[in-house]
Amino acid sequence: PSWGDAAELLLLESLGTRRHVMAVSADGSGMRFISYGDGVVGSVALTDDASHMAFTYQTPDEPWDVFVSPTNGYAPSRVSDVHAGVPRPEMGRTRLVSWRSTEGFDIEGLLTYPVGYEEGERVPLILNVHGGPGGVFSQSFTGAPAAYMLQYFAQQGFAILRPNPRGSTGYGKDFRYANFQDWGYGDFRDLMSGVDHVIEIGVADPDRLLLMGWSYGGYMTSWAVTQTDRFVAASMGAGLPNLISMTTTTDIQDYLVGHMGIEFWEDYERYERHSAMYHIANVVTPTQVIHGAEDLRVPFTQGQEFYRALDRRGIPTEMIVYPRTPHGPREPKFVMDVSERILTWFLTHLDSEAVTAADGAR
């Protein structure tokens, strides 16, 4: 956001699932926290002398408001009440969880419980994969509008696990680079070990596992259904199942080359090895495809390829196309529509007992 003075640069950075302001010495000698604790700091503005800052702050349970604090001696004071009087239904609580994956990787994630969850109850679990792959799930308000309405699913009796697998931002350079030339392998193990962890702690029902993700999360959704039959149903949002055709059609043409480390014509096998389309014969999971008609980042044809292949194989599928939509829904009616479409898809493919339970929670 600013130079604090000639000696320090102030920056806003993800630190695991949190986000805070830090001061980095200009000479590289050290770093100190300006803000700290759980939650997410954002939209930082500093006084001319950088002695005070205004910022937004939110947690999984509380929406953002504006705070002020000195930059030397963090003492946040709330100065707005933006959401006063806004009705808020009962919410499912969210907590930070962690587990050991393969190759010694320690993985964090955020687990949102169903509304009214009782200890020891096993419930359907949705694995939600973030985009990027350099994205990160942070401790932001879980009732905020988004393509995936977390509390909407929690109100219907679902738990939601949002892991930060290798390749995510906020865990250092080595972790960020750990999926280089390895899409679909180590990161997939991180995700599935997280699912196993939520089963082991007695929350997830192993027979009622669901999967959804957008962009790279959509890639991982397409990949997962070619690698495992553990999910009852899946929903791929703006996914990229074919890394070769993605490279030649996306508006960020160097993106996959950077991750694969080589041009596809120099090593077709490498791109094919990491593309769900080249493993399509393995899919048995009912898989929904969602895409924006005007998506240039992950072109519409990526979703079309996967949908056509699934349909030709006789796998239960449907494709939902949002008109005028780029790489993610923007129009409010479309944002509101996505989660309802996914919920309907999931309930259709869950066993009748699960459908009855979820219907009763509405």
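Net charge dipole, the chain: roughly 400 debye, given to the nearest 20, about the Cα centre with Cβ charges of +1 for Lys and Arg and -1 for Asp and Glu. Computed from phi, the 3J(HN,Hα) profile of the range 32-41 under the Karplus parametrisation 6.51, -1.76, 1.60 (θ = phi - 60°) reads 9, 7, 8, 10, 6, x, 6, x, 10, 9 Hz, with x in place of Gly and Pro. Less than 5 angstrom separates the built amide H of Ile126 from those of Ala159, Ile160, Leu161, Leu210, all sequence-distant by 5 or more or on a different chain.
Think of the range 52-173 as having a plus end and a minus end, set by charges on the Cβ of Lys, Arg, Asp and Glu; of Leu127, Leu150, Gly104, Gly104 sits farthest toward the positive end of this dipole.
Rounded to the nearest whole Hz, the Karplus-based 3J(HN,Hα) values (6.51 cos²θ - 1.76 cosθ + 1.60, θ = phi - 60°) of the range 77-91 follow the sequence 10, 6, 10, 9, 9, 4, 9, 4, x, 7, x, 10, x, 4, 10, with x at glycine and proline. Taking a sphere under 12 Å around the Cβ of Glu108 and counting the other residues whose Cβ falls inside, with K and R at +1 and D and E at -1, yields a net charge of +3. Helix screen, the chain: DSSP H segments with Cα axial length of 15 Å or more and mean Kyte-Doolittle hydropathy at least -0.5 are 186-200, 216-227, 332-349. Counted over the chain, the DSSP beta bridges are approximately 60% antiparallel. Under the convention that each Lys and Arg Cβ holds +1 and each Asp and Glu Cβ holds -1, the size of the dipole of the range 58-139 around its Cα centre is about 100 debye. Listed from fewest to most Cβ neighbours within 10 Å, the set Leu350, Leu211 follows the order Leu350, Leu211.
Does the range 245-362 come out rounded, prolate or oblate, given a ≥ b ≥ c as the square roots of the eigenvalues of its C-alpha gyration tensor, rounded meaning a/c under 1.5 and, failing that, prolate meaning a/b above b/c? Oblate is the answer for the range 245-362, as a/c is 1.5 or above yet b/c matches or exceeds a/b. With a sphere of radius 11 Å drawn around the Cβ of Ser140, what net charge do the other residues whose Cβ falls strictly inside it have (Lys, Arg +1; Asp, Glu -1)? My count for the surroundings of Ser140 gives +1. For the chain, relative contact order (Cα pairs under 8 Å, six or more residues apart, normalised by length) works out to 12 percent. Which entry in [x] 31, 60, 9, 0; [y] 24, 42, 24, 10, 0; [z] 28, 56, 16, 0 matches P(r) over Cα pairs in 20 Å bins from 0, in percent derived from the coordinates of this structure? Checked against the structure: label [z].
Each of Met212, Thr317, Asn72 was scored by the projection of its Cα onto the charge dipole of the chain, and the greatest displacement toward the positive side belongs to Thr317; charges sit on the C-beta of Lys, Arg, Asp and Glu. Between Gly30, Leu9, Val44, whose Cα lies farthest towards the positive end of the dipole of the range 1-47 when Lys and Arg beta carbons carry +1 and Asp and Glu beta carbons carry -1, centred on the Cα centre? Farthest towards the positive pole: Val44. Relative contact order of the range 2-78, taken over Cα pairs closer than 8 Å and 6 or more residues apart, is 21 percent. Backbone phi angles across the range 203-212, fed through the Karplus curve with coefficients 6.51, -1.76 and 1.60 (θ = phi - 60°), yield HN-Hα couplings of 9, 7, 8, x, 9, 9, 9, 10, 9, 8 Hz in residue order; Gly and Pro are listed as x. Once C-alpha pairs closer than 8 Å and six or more residues apart are averaged by separation and normalised to the residue number of the range 187-346, the relative contact order reads 22 percent. Under 5 Å between amide hydrogens, built in the peptide plane, is the criterion, and for Gly328 it picks out Gly292 among residues at least 5 positions away or on other chains. Amide H contacts of Met236: Gln288, Val289, Ile290, each under 5 Å away and 5 or more positions distant or on a separate chain (H built 1.01 Å from N in the peptide plane; Pro and chain starts excluded).
We did not get these values from a lab; they are worked out from the coordinates using the rules stated. Nothing here was measured: the structure is a model prediction, and the numbers come from that model. Heads up, the Cβs are rebuilt from the backbone with ideal geometry, glycines too, and the neighbour counts pull from every protein chain shown.
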